[in-house]
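Chemist: This is the structure I have questions about; it appears just below.
The values are calculated or read from the model by the stated rules, or taken from the named source; none is laboratory data. The structure displayed is predicted, hence computed values, not measured ones. Ideal geometry is used to build each Cβ from the backbone, glycine not excepted, and the neighbour counts take in all protein chains shown. Just so you know, the surface numbers come from the protein's heavy atoms only, side chains and all, with ligands and any DNA or RNA stripped out. Shrake-Rupley method; radii C 1.70, N 1.55, O 1.52, S 1.80 Å.
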Amino acid sequence: MAEYISVSKISNYVEKEVTIKGWVYNRTDKGKLVFLLVRDGSGFVQCVAFKGDLDPEVFDRVMRLPQESSVIITGSVREDKRAPGIPGGYEVGVKQIEIVQEAGLDYPMSLKDHGPDFALDNRHLWIRMQSQWAILRVRATVMAATREWLDNNGFIAMDTPILTPAAAEGTTTLFETEYFDEGKAYLAQTGQLYNEANIFAFGKVYCFGPTFRAEKSKTRRHLTEFWMLEPEIAFCDLDGLMEVEEQMLTHIIQRVLRERLPELKSLGRDISKLEKIVAPFPRIFYDDAAKMIAELREKETDPEKKELLAFEWGMDFGAPHETAITSQFETPVFVYGYPSAVKAFYMEPWPGRPEVCKSVDLLAPEGYGEICGGSERISDHDALLARIRKEKLPEDAFKWYLELRKYGSVPHSGFGMGIERVTSWICGIEHIREAIAFPRTIKRVYP
RNA sequence: UCCUUGCUAGCUCAAUUGGCAGAGCGAGCGGCUGUUAACCGCUAGGUUCUAGGUUCAAGUCCUAGGCAAGGAGCCA
């Protein structure tokens with residue numbers, strides 16, 4: 001009886017007889033032999049069936065086997081440099097094949113290119129394609145590595161609510177729902193405020209879950225539902241926060257490089273660029289970043305690009321500005337000390353410079369832009385209350401949040417990291433929608 | 001919300017100045033013992049997004065609408 005194995009482990013079974021269960025990804029028939037590229041979820045492997053080795057009727061069926069047919073194949077593993085697949089370099093000589101289901105001939109996802117509309121309408125099938133499979137495997141490892149680093153560094157996983165009574169950062173971008181007799185509830189766009197409560201009980205915490213933004217953003221960097229990691233740390237200032245971010249991200253990259261190299265290579269990712277991502281990352285004050293942009297604008301010869309780089313102190317950075325800054329570096333870059341006016345109400349003012357706050361964005365290289373946003377939070381009760389009133393936020397809703405500043409308040413900091421953005425950058429893909437299994441965008445809730 | 005672009009075979013796209021609706025992939029049939037998104041031969045496959053309009057003639061021009069994408073703003 002042959003051992004049932006997963007394709008990812010195939011290198012351990014050379015010259016042995018094995019059984020694999022999977023789906024026909026591609027078929028090439030050559031008359032008296034057939035190549036089946038079979039995927040089993042863990043990898044892709046080439047199976048070769050020779051006419052003489054199989055019952056003529058079975059061979060005839062194999063030769064016509066439609067793409068996506070489900071099969072159970074038993075055969076012997078051999079090394080062969082010619083064999084495609086992931087990991088590749090191994091193939092199975094078919095001795096027995098059970099066709100579990102012959103797939104319909106009208107399978108719409110051919111292995112050629114597809115437009116975004118068609119691909120997204122068929123997302124339930126598109127995820128079977130090698131590129132999408134590879135991206136989503138990387139995503140899973142990004143998530144696992146993130147949790148691993150935090151769990152090993154004293155952080156406690158806390159789940160924050162998804163149904164919330166009020167907005168942290170204004171109500172215009174919230175999804176709204178009826179909540180029994182309590183009026184409106186909103187889908188959370190951050191767990192931060194709850195995490196600020198959690199740190200006074202647990203010290204260092206994180207939440208990791210879906211967040212929802214009803215922003216009418218239609219760009220390759222936006223989803224309406226995305227997964228965000230949010231660590232929050234008591235007794236931590238802005239410098240300490242940046243250290244956590246760069247250490248964690250370095251760990252994530254290292255583990256992905258260790259465990260998902262075949263996937264990254266299959267995506268055509270330039271691995272050497274990822275190998276350079278090691279802490280510490282450069283830290284640039286907002287004022288200096290603004291100067292850097294001015295200098296880069298001066299050097300820019302293309303008038304169109306020059307126009308896009310127009311900038312005045314006090315503005316938040318747009319995508320062209322972020323790209324200009326990050327193009328100067330090979331690792332992600334911290335930009336800190338943004339003007340308070342463009343940032344959220346809860347950010348601690350810079351000592352001696354009240355127009356600036358202790359905020360920090362982490363910008364990924366190669367044009368991927370902001371992947372983390374964080375800050376030191378206001379720890380003084382009256383200062384926070386003044387900000388809430390200035391922003392005309394509902395004071396009642398923030399009663400509990402203000403109370404945190406009355407009973408043992410301490411300097412504390414936290415940040416949010418967008419999992420799909422990090423995954424997109426690591427994979428080097430064009431669009432964030434491919435970094436989540438079933439993307440939700442402003443124009444799409446199907447499938 | 002605004003700006004730009006696109007919509008032709010199942011998919012990706014072509015169609016010159018307004019003048020016979022085309023190709024590759026996919027599908028079917030046939031061939032091939034090493035293919036890498038194989039290749040070669042043959043076959044089938046069309047309400048050119050919708051509704052009007054101009055014209056001898058509209059995929060192409062005009063009007064209105066629909067859908068999608070990219071970008072801006074906002075953000076992770």
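Chemist: Please tell me if A:Pro262 is touching a strand residue (DSSP E or B) at 6+ places or on another chain (Cβ under 9 Å), closer than 18 Å to A:Val360 by Cα, within 16 Å of RNA strand B (Cβ to nearest atom) and not hydrophobic (A, V, I, L, M, F, W, C).
Modeler: Numbers: touching a strand residue (DSSP E or B) at 6+ places or on another chain (Cβ under 9 Å): yes; closer than 18 Å to A:Val360 by Cα: no; within 16 Å of RNA strand B (Cβ to nearest atom): yes; not hydrophobic (A, V, I, L, M, F, W, C): yes.
Spelling it out, it is not the case that A:Pro262 is touching a strand residue (DSSP E or B) at 6+ places or on another chain (Cβ under 9 Å), closer than 18 Å to A:Val360 by Cα, within 16 Å of RNA strand B (Cβ to nearest atom) and not hydrophobic (A, V, I, L, M, F, W, C).
Chemist: Looking at A:Val48, A:Val38 in this structure, which one is within 11 Å of RNA strand B (Cβ to nearest atom), open to solvent by less than 20 Å² (accessible area, probe 1.4 Å) and either closer than 27 Å to A:Arg260 by Cβ or part of a strand (DSSP E or B) (or both)? Reasoning before the result, please.
Modeler: Details: A:Val38 fails: within 11 Å of RNA strand B (Cβ to nearest atom).
After ruling out the rest, the residue left standing is A:Val48.
Chemist: With respect to the numbered conditions (1) among the hydroxyl-bearing types (Ser, Thr, Tyr); (2) more than 14 Å from RNA strand B (Cβ to nearest atom); (3) within 29 Å of A:Pro447 (Cα to Cα), which one is the sole condition not fulfilled by A:Thr74?
Modeler: Condition not satisfied by A:Thr74: (3).
Chemist: A further question follows. Just for region A:18-35: of the residues that are within 10 Å of RNA strand B (Cβ to nearest atom) and of a type in the set (D, E, K, R), which one is farthest from A:Gly88 (Cα to Cα)?
Modeler: Checked region A:18-35; the qualifying residue farthest from A:Gly88 (Cα to Cα) is A:Lys32.
Yes or no, residue by residue, for (1) within 15 Å of A:Asp151 (Cα to Cα); (2) within 14 Å of the chain's Cα centre (by Cα); (3) not charged (D, E, K, R):
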| residue | (1), (2), (3) |
| --- | --- |
| A:Ala214 | no, no, yes |
| A:Glu225 | no, yes, no |
| A:Glu230 | yes, yes, no |
| A:Ala234 | no, no, yes |
| A:Asp237 | no, no, no |
| A:Gly240 | no, no, yes |
| A:Glu246 | no, no, no |
| A:Thr250 | no, no, yes |
| A:Leu257 | no, no, yes |
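Chemist: Out of (1) within 19 Å of A:Gly369 (Cα to Cα); (2) at pLDDT 95 or above; (3) not polar (S, T, N, Q), the odd one out for A:His222 is which?
Modeler: A:His222 satisfies every listed condition except (2).
Chemist: Quick one: what pairs do we get from region A:232-256, first residue of a type in the set (Gly, Ala, Ser), second part of a helix (DSSP H, G or I) and open to solvent by 10 Å² or more (accessible area, probe 1.4 Å), C-beta under 9 Å, 6+ apart or different chains?
Modeler: Pairs that qualify, where the first residue is of a type in the set (Gly, Ala, Ser) and the partner is part of a helix (DSSP H, G or I) and open to solvent by 10 Å² or more (accessible area, probe 1.4 Å), are A:Ala234/A:Phe200; A:Ala234/A:Phe202.
Chemist: Scan (1) at pLDDT 95 or above; (2) surrounded by fewer than 13 Cβ atoms within 10 Å (Cβ to Cβ) for the single condition A:Val422 breaks and write down its number.
Modeler: For A:Val422, the exception is condition (2).
Chemist: List every residue pair whose Cβ atoms sit under 6 Å apart, with the two residues 6 or more apart in sequence or on different chains, where the first one lies in region A:279-295 and is farther than 18 Å from A:Gly314 by Cβ and in contact (Cβ under 8 Å) with a residue 40 or more places away in the chain and the second, anywhere, is open to solvent by less than 30 Å² (accessible area, probe 1.4 Å) and aromatic (Phe, Trp, Tyr).
Modeler: Going by the 6 Å Cβ cut-off, the qualifying pairs are A:Phe281/A:Phe334; A:Arg283/A:Phe334.
Chemist: If you go through region A:389-422, how many residues are of a type in the set (A, V, I, L, M, F, W, C), more than 24 Å from A:Phe202 (Cβ to Cβ) and either away from RNA strand B (no atom under 16 Å from the Cβ) or in a loop (DSSP other than H, G, I, E, B) (or both)? Talk me through it step by step, then tell me what you get.
Modeler: As a first pass, look at region A:389-422 and keep what is of a type in the set (A, V, I, L, M, F, W, C): A:393, A:397-398, A:400, A:402, A:404, A:410, A:415, A:417, A:419, A:422.
When the remaining residues are screened for being more than 24 Å from A:Phe202 (Cβ to Cβ), the result is A:393, A:422.
Of the ones still in play, those that are also either away from RNA strand B (no atom under 16 Å from the Cβ) or in a loop (DSSP other than H, G, I, E, B) (or both) are A:393.
Looking only at that region, the number is 1.
Chemist: Mind telling me which of the residues A:Gln96, A:Gln130, A:Gln101 ends up being within 11 Å of RNA strand B (Cβ to nearest atom), modelled with pLDDT of 90 or more and open to solvent by 40 Å² or more (accessible area, probe 1.4 Å)?
Modeler: A:Gln130
Chemist: Can you run down the residue pairs with Cβ atoms below 7 Å, 6 or more apart or on separate chains, where the first is in region A:297-312 and farther than 26 Å from A:Ala341 by Cβ and the partner is outside any loop (DSSP other than H, G, I, E, B)?
Modeler: From region A:297-312, the pairs are A:Glu300/A:Lys306.
Chemist: Additional query: Within region A:348-365, which residues are buried (at least 22 other Cβ atoms within 10 Å of the Cβ) and either within 13 Å of RNA strand B (Cβ to nearest atom) or without any contact (Cβ under 8 Å) to a residue 24 or more places away in the chain (or both)?
Modeler: If the condition is that a residue be buried (at least 22 other Cβ atoms within 10 Å of the Cβ) and either within 13 Å of RNA strand B (Cβ to nearest atom) or without any contact (Cβ under 8 Å) to a residue 24 or more places away in the chain (or both), then A:Cys357, A:Ser359, A:Val360, A:Asp361, A:Leu362, A:Leu363, A:Ala364 are the ones that fit.
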